[in-house]
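The values are calculated or read from the model by the stated rules, or taken from the named source; none is laboratory data. This is a predicted model, so every value here is computed, not measured. Because the Cβ atoms are built from the backbone with ideal geometry, glycine has one as well, and the counts that use them run over all protein chains shown. Accessible surface is based on the protein model in full, side chains and every heavy atom, while ligands, DNA and RNA are left aside. Shrake-Rupley method; radii C 1.70, N 1.55, O 1.52, S 1.80 Å.
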Amino acid sequence: MQIQAVTALNLSRVETMVFAGGGNRCWWQAGALTHWLSLGWQLPNTLVGTSAGAAIATAAVANDGLRRAFDSCQQLFGGNIRIFQWRNAAPAEGRFAHQRIYPVWLASFLNEETFDTVRQAPQQLQIALTRPARALGLRGSIVAGTLSYFVDKWLWGRLHPQLPRMLGLRQDFVTLQQCTTLEEAQTLLAAAAAAPPLMRARQINGDVAIDGGYLDSVPVPEQTLAERRHTLVLLTRHYPKLPPLFLHRDRYYLQASQRIPVSTWDCRPRADIHAALALGKHDAARFLADGLLTLKPVEP
(Lines give C-alpha, C1' and ligand atoms only; values in the text may rest on other atoms or scores of the structure.)
Protein backbone atom coordinates (compact mmCIF):
# COMPACT_ATOMS: atom_id res chain seq x y z
CA MET A 1 0.00 0.00 0.00
CA GLN A 2 1.79 3.10 -1.27
CA ILE A 3 1.06 6.07 0.96
CA GLN A 4 2.39 9.60 0.60
CA ALA A 5 1.86 12.06 3.46
CA VAL A 6 0.36 15.41 2.43
CA THR A 7 1.04 18.64 4.31
CA ALA A 8 -1.63 20.87 2.76
CA LEU A 9 -4.81 20.62 0.69
CA ASN A 10 -7.17 23.34 -0.51
CA LEU A 11 -10.68 21.95 -0.03
CA SER A 12 -12.00 24.37 -2.64
CA ARG A 13 -10.06 22.42 -5.27
CA VAL A 14 -11.82 19.16 -4.40
CA GLU A 15 -14.27 18.21 -7.14
CA THR A 16 -15.29 14.77 -5.84
CA MET A 17 -15.81 13.86 -2.19
CA VAL A 18 -16.16 10.22 -1.16
CA PHE A 19 -18.01 9.26 2.03
CA ALA A 20 -16.90 5.91 3.39
CA GLY A 21 -19.47 3.77 5.16
CA GLY A 22 -19.17 3.03 8.84
CA GLY A 23 -22.51 3.29 10.62
CA ASN A 24 -22.38 5.70 13.55
CA ARG A 25 -18.77 6.57 12.75
CA CYS A 26 -20.12 8.57 9.80
CA TRP A 27 -21.17 11.26 12.27
CA TRP A 28 -17.50 12.26 12.18
CA GLN A 29 -18.02 13.12 8.50
CA ALA A 30 -21.13 15.10 9.39
CA GLY A 31 -19.24 17.04 12.05
CA ALA A 32 -16.46 17.96 9.64
CA LEU A 33 -18.94 19.07 6.95
CA THR A 34 -20.91 21.12 9.46
CA HIS A 35 -17.83 23.07 10.45
CA TRP A 36 -16.57 23.69 6.91
CA LEU A 37 -20.02 24.70 5.64
CA SER A 38 -20.40 27.16 8.54
CA LEU A 39 -17.30 28.95 7.21
CA GLY A 40 -18.77 29.41 3.74
CA TRP A 41 -17.22 26.39 2.05
CA GLN A 42 -19.36 24.81 -0.67
CA LEU A 43 -19.79 21.13 -1.36
CA PRO A 44 -17.93 19.80 -4.41
CA ASN A 45 -19.74 18.89 -7.62
CA THR A 46 -19.78 15.13 -7.04
CA LEU A 47 -20.54 13.29 -3.79
CA VAL A 48 -20.01 9.53 -3.64
CA GLY A 49 -21.02 7.37 -0.69
CA THR A 50 -22.26 4.06 0.59
CA SER A 51 -24.12 2.85 3.65
CA ALA A 52 -24.43 5.61 6.29
CA GLY A 53 -21.85 7.64 4.38
CA ALA A 54 -24.29 7.88 1.45
CA ALA A 55 -26.97 9.07 3.86
CA ILE A 56 -24.71 11.78 5.30
CA ALA A 57 -23.83 12.97 1.78
CA THR A 58 -27.54 13.16 0.94
CA ALA A 59 -28.38 14.99 4.16
CA ALA A 60 -25.70 17.55 3.36
CA VAL A 61 -27.60 18.73 0.26
CA ALA A 62 -31.07 18.65 1.85
CA ASN A 63 -32.68 21.60 3.61
CA ASP A 64 -30.91 21.77 6.98
CA GLY A 65 -30.44 18.04 6.48
CA LEU A 66 -27.41 17.42 8.68
CA ARG A 67 -29.09 18.94 11.72
CA ARG A 68 -32.34 17.12 11.02
CA ALA A 69 -30.50 13.83 10.59
CA PHE A 70 -28.63 14.20 13.86
CA ASP A 71 -31.67 15.28 15.88
CA SER A 72 -33.71 12.43 14.46
CA CYS A 73 -30.98 9.90 15.19
CA GLN A 74 -30.74 11.04 18.79
CA GLN A 75 -34.51 10.77 19.18
CA LEU A 76 -34.74 7.33 17.58
CA PHE A 77 -31.84 5.92 19.58
CA GLY A 78 -33.21 7.48 22.75
CA GLY A 79 -36.45 5.56 22.37
CA ASN A 80 -34.84 2.22 21.54
CA ILE A 81 -33.81 -0.12 24.36
CA ARG A 82 -32.43 -3.15 22.51
CA ILE A 83 -30.39 -3.75 19.37
CA PHE A 84 -32.16 -7.10 18.91
CA GLN A 85 -35.78 -7.72 19.84
CA TRP A 86 -36.15 -11.45 20.38
CA ARG A 87 -39.66 -11.43 21.79
CA ASN A 88 -42.89 -10.12 20.31
CA ALA A 89 -41.16 -9.13 17.07
CA ALA A 90 -43.19 -9.72 13.93
CA PRO A 91 -41.13 -11.27 11.11
CA ALA A 92 -42.16 -8.44 8.77
CA GLU A 93 -40.67 -5.88 11.12
CA GLY A 94 -37.52 -7.82 11.79
CA ARG A 95 -35.72 -8.43 15.05
CA PHE A 96 -32.79 -6.11 14.33
CA ALA A 97 -33.67 -2.61 15.48
CA HIS A 98 -32.05 -0.89 12.48
CA GLN A 99 -34.49 -2.69 10.17
CA ARG A 100 -37.14 -0.44 11.70
CA ILE A 101 -35.05 2.60 12.66
CA TYR A 102 -33.02 3.18 9.49
CA PRO A 103 -35.93 3.89 7.08
CA VAL A 104 -37.50 6.26 9.61
CA TRP A 105 -34.17 8.03 10.01
CA LEU A 106 -33.77 8.40 6.23
CA ALA A 107 -37.23 9.94 6.02
CA SER A 108 -36.28 12.59 8.57
CA PHE A 109 -34.10 14.38 6.00
CA LEU A 110 -35.18 12.87 2.66
CA ASN A 111 -38.91 13.44 2.50
CA GLU A 112 -41.63 15.28 0.57
CA GLU A 113 -40.30 18.59 1.85
CA THR A 114 -36.70 18.05 0.76
CA PHE A 115 -36.88 15.64 -2.20
CA ASP A 116 -37.08 18.34 -4.88
CA THR A 117 -34.19 20.23 -3.27
CA VAL A 118 -32.04 17.09 -3.33
CA ARG A 119 -32.97 16.27 -6.94
CA GLN A 120 -32.22 19.82 -8.10
CA ALA A 121 -28.99 20.20 -6.11
CA PRO A 122 -25.91 21.13 -8.16
CA GLN A 123 -24.09 18.22 -6.54
CA GLN A 124 -24.44 14.81 -8.16
CA LEU A 125 -25.03 12.08 -5.57
CA GLN A 126 -23.55 8.72 -6.56
CA ILE A 127 -24.68 5.88 -4.30
CA ALA A 128 -22.48 2.77 -4.21
CA LEU A 129 -24.10 -0.66 -4.00
CA THR A 130 -22.82 -4.23 -3.95
CA ARG A 131 -24.28 -6.66 -6.46
CA PRO A 132 -24.01 -10.33 -5.45
CA ALA A 133 -21.65 -12.62 -7.33
CA ARG A 134 -23.61 -14.58 -9.93
CA ALA A 135 -21.84 -17.82 -9.04
CA LEU A 136 -22.34 -17.41 -5.27
CA GLY A 137 -25.85 -15.98 -5.09
CA LEU A 138 -26.98 -13.63 -2.34
CA ARG A 139 -26.18 -15.83 0.65
CA GLY A 140 -22.80 -16.92 -0.67
CA SER A 141 -21.89 -13.33 -1.51
CA ILE A 142 -22.78 -12.18 2.00
CA VAL A 143 -20.53 -14.85 3.51
CA ALA A 144 -17.72 -14.07 1.05
CA GLY A 145 -17.98 -10.32 1.58
CA THR A 146 -18.03 -10.66 5.37
CA LEU A 147 -15.03 -12.98 5.50
CA SER A 148 -13.13 -10.82 3.02
CA TYR A 149 -13.75 -7.76 5.20
CA PHE A 150 -12.20 -9.40 8.24
CA VAL A 151 -9.26 -10.80 6.24
CA ASP A 152 -8.49 -7.40 4.76
CA LYS A 153 -9.02 -5.55 8.05
CA TRP A 154 -7.09 -7.82 10.40
CA LEU A 155 -4.54 -9.49 8.11
CA TRP A 156 -3.70 -7.09 5.31
CA GLY A 157 -5.02 -3.72 6.54
CA ARG A 158 -5.93 -2.59 3.04
CA LEU A 159 -7.83 0.60 2.34
CA HIS A 160 -9.64 -1.13 -0.52
CA PRO A 161 -10.34 -4.88 -0.30
CA GLN A 162 -9.49 -7.04 -3.29
CA LEU A 163 -10.94 -10.42 -2.30
CA PRO A 164 -14.64 -9.54 -2.88
CA ARG A 165 -13.95 -8.63 -6.50
CA MET A 166 -11.87 -11.77 -6.96
CA LEU A 167 -14.83 -13.79 -5.68
CA GLY A 168 -17.19 -12.15 -8.17
CA LEU A 169 -18.95 -9.48 -6.11
CA ARG A 170 -19.68 -6.41 -8.23
CA GLN A 171 -19.75 -2.70 -7.42
CA ASP A 172 -22.45 -0.50 -8.89
CA PHE A 173 -23.02 3.25 -8.69
CA VAL A 174 -26.51 4.72 -9.03
CA THR A 175 -27.15 8.45 -9.23
CA LEU A 176 -29.77 9.40 -6.67
CA GLN A 177 -31.09 12.26 -8.81
CA GLN A 178 -32.15 9.68 -11.40
CA CYS A 179 -34.81 8.47 -8.96
CA THR A 180 -38.15 9.84 -10.14
CA THR A 181 -40.02 9.31 -6.87
CA LEU A 182 -39.25 9.83 -3.20
CA GLU A 183 -39.84 6.11 -2.55
CA GLU A 184 -37.21 5.16 -5.13
CA ALA A 185 -34.66 7.51 -3.56
CA GLN A 186 -35.32 6.23 -0.04
CA THR A 187 -35.10 2.63 -1.25
CA LEU A 188 -31.77 3.37 -2.93
CA LEU A 189 -30.28 4.73 0.30
CA ALA A 190 -31.73 1.80 2.26
CA ALA A 191 -30.19 -0.63 -0.24
CA ALA A 192 -26.77 0.99 0.18
CA ALA A 193 -26.94 0.07 3.88
CA ALA A 194 -28.71 -3.31 3.55
CA ALA A 195 -26.74 -5.92 5.49
CA PRO A 196 -28.56 -9.26 5.27
CA PRO A 197 -29.63 -11.10 7.32
CA LEU A 198 -29.82 -8.11 9.69
CA MET A 199 -31.33 -5.75 7.12
CA ARG A 200 -33.05 -7.11 4.04
CA ALA A 201 -31.67 -6.73 0.53
CA ARG A 202 -33.47 -4.47 -1.94
CA GLN A 203 -34.19 -4.49 -5.65
CA ILE A 204 -32.56 -1.58 -7.49
CA ASN A 205 -32.94 -1.29 -11.25
CA GLY A 206 -34.12 -4.88 -11.50
CA ASP A 207 -31.25 -6.49 -9.60
CA VAL A 208 -30.53 -7.38 -5.97
CA ALA A 209 -28.53 -4.73 -4.10
CA ILE A 210 -26.88 -4.86 -0.68
CA ASP A 211 -24.60 -2.68 1.43
CA GLY A 212 -21.73 -1.30 -0.60
CA GLY A 213 -19.39 -2.28 2.22
CA TYR A 214 -19.63 -5.95 1.27
CA LEU A 215 -17.37 -5.09 -1.65
CA ASP A 216 -15.68 -1.90 -0.42
CA SER A 217 -16.78 0.44 2.36
CA VAL A 218 -14.61 3.13 0.75
CA PRO A 219 -16.38 3.40 -2.62
CA VAL A 220 -14.28 4.98 -5.33
CA PRO A 221 -15.63 4.95 -8.91
CA GLU A 222 -13.59 4.56 -12.07
CA GLN A 223 -11.84 7.89 -12.64
CA THR A 224 -9.31 9.50 -14.91
CA LEU A 225 -5.98 10.59 -13.45
CA ALA A 226 -7.18 14.22 -13.40
CA GLU A 227 -10.37 13.23 -11.55
CA ARG A 228 -8.44 11.21 -8.96
CA ARG A 229 -6.18 14.17 -8.25
CA HIS A 230 -9.24 16.25 -7.32
CA THR A 231 -10.86 13.61 -5.11
CA LEU A 232 -10.97 13.59 -1.31
CA VAL A 233 -12.02 10.47 0.60
CA LEU A 234 -13.44 10.93 4.11
CA LEU A 235 -12.55 7.74 5.98
CA THR A 236 -14.34 6.46 9.06
CA ARG A 237 -11.89 3.75 10.10
CA HIS A 238 -8.83 5.06 11.91
CA TYR A 239 -5.39 3.91 10.74
CA PRO A 240 -2.94 4.80 13.56
CA LYS A 241 0.13 4.24 11.38
CA LEU A 242 -1.07 6.61 8.65
CA PRO A 243 -1.00 10.44 8.67
CA PRO A 244 -4.28 12.36 8.91
CA LEU A 245 -4.01 13.45 5.26
CA PHE A 246 -2.33 11.33 2.61
CA LEU A 247 -2.26 10.36 -1.05
CA HIS A 248 -3.04 6.85 -2.22
CA ARG A 249 -3.34 6.01 -5.92
CA ASP A 250 -3.43 9.76 -6.69
CA ARG A 251 -6.45 10.37 -4.42
CA TYR A 252 -6.45 12.35 -1.17
CA TYR A 253 -7.60 10.61 2.00
CA LEU A 254 -8.54 12.30 5.27
CA GLN A 255 -8.99 10.43 8.53
CA ALA A 256 -9.92 11.31 12.09
CA SER A 257 -7.20 12.32 14.54
CA GLN A 258 -8.08 9.28 16.66
CA ARG A 259 -10.39 6.30 16.68
CA ILE A 260 -13.92 7.67 16.36
CA PRO A 261 -15.44 7.10 19.83
CA VAL A 262 -18.73 5.43 18.95
CA SER A 263 -19.95 1.92 18.22
CA THR A 264 -20.74 1.26 14.58
CA TRP A 265 -24.08 -0.50 15.04
CA ASP A 266 -25.31 0.50 18.49
CA CYS A 267 -28.72 2.16 18.29
CA ARG A 268 -29.53 2.51 21.98
CA PRO A 269 -29.39 5.67 24.14
CA ARG A 270 -25.83 4.73 25.17
CA ALA A 271 -24.53 5.21 21.60
CA ASP A 272 -22.56 8.45 21.88
CA ILE A 273 -23.12 9.87 18.40
CA HIS A 274 -22.54 13.33 19.87
CA ALA A 275 -18.91 12.38 20.58
CA ALA A 276 -18.42 11.32 16.95
CA LEU A 277 -19.98 14.55 15.67
CA ALA A 278 -17.92 16.64 18.10
CA LEU A 279 -14.69 14.93 17.03
CA GLY A 280 -15.52 15.70 13.40
CA LYS A 281 -16.02 19.39 14.19
CA HIS A 282 -12.87 19.46 16.33
CA ASP A 283 -10.72 17.79 13.67
CA ALA A 284 -12.12 20.02 10.91
CA ALA A 285 -11.21 23.14 12.91
CA ARG A 286 -7.83 21.79 13.99
CA PHE A 287 -6.81 20.80 10.46
CA LEU A 288 -7.64 24.32 9.29
CA ALA A 289 -5.78 25.94 12.18
CA ASP A 290 -2.70 23.79 11.53
CA GLY A 291 -2.73 24.61 7.82
CA LEU A 292 -3.29 21.01 6.80
CA LEU A 293 -6.50 22.13 5.08
CA THR A 294 -7.45 25.50 3.63
CA LEU A 295 -10.69 26.92 2.26
CA LYS A 296 -9.24 29.45 -0.17
CA PRO A 297 -11.53 30.16 -3.13
CA VAL A 298 -10.20 28.75 -6.39
CA GLU A 299 -8.76 31.47 -8.60
CA PRO A 300 -10.37 31.75 -12.04
Phi-derived 3J(HN,Hα) across region 262-276 with the Karplus relation (6.51, -1.76, 1.60, θ = phi - 60°), rounded Hz, x for Gly and Pro, is 7, 6, 4, 9, 4, 10, 9, x, 6, 5, 8, 5, 5, 5, 5
Using a 1.4 angstrom probe, figure out how much accessible area the chain has per residue, in square angstrom, rounded to the nearest whole. 48
Provide, as a two-decimal number, the C-alpha radius of gyration of the chain over 2.2 N^0.38 Å, N being how many residues it has. 0.95
Looking only at region 17-32, which residues have a backbone nitrogen under 17 Å from a spot 7 Å from the Cα of L295 in the C-beta direction? 29-32
Keeping the other protein chains in place, figure out the carbon and sulfur percent of the accessible area of the chain, with a 1.4 Å probe. 51
What's the FRET efficiency of R134 with R229 using the Cβ-Cβ distance as r and R₀ = 41 Å, to the nearest 0.05? 0.75
What Kirkwood radius, in Å to one decimal, follows from the Cα pairs of region 17-169? 17.5
Relative contact order of region 153-299: what whole-number percent is it, with Cα pairs under 8 angstrom and at least 6 residues apart? 13
Full-extension gain between S38 and D64, please, as 0.36 nm times their residue separation minus the C-alpha to C-alpha distance. 8.2 nm
Approximate spin-label separation T7-L155, in nm, with each point projected 7 Å along Cα-to-Cβ: 3.9
Taking trypsin sites (Lys or Arg not before Pro) in a DSSP loop with at most 10 other Cβ atoms within 10 angstrom as exposed, one finds the longest site-free stretch of the chain at 135-240
Only helices counted: for the chain, with every DSSP H run of 4 or more residues adding -39500 (n - 2.57) and the sum spread over all residues, [θ] at 222 nm is -10500 deg cm²/dmol
Gain on full stretching of the segment that runs from V104 to R270 - 0.36 nm per residue minus C-alpha separation: 57.8 nm
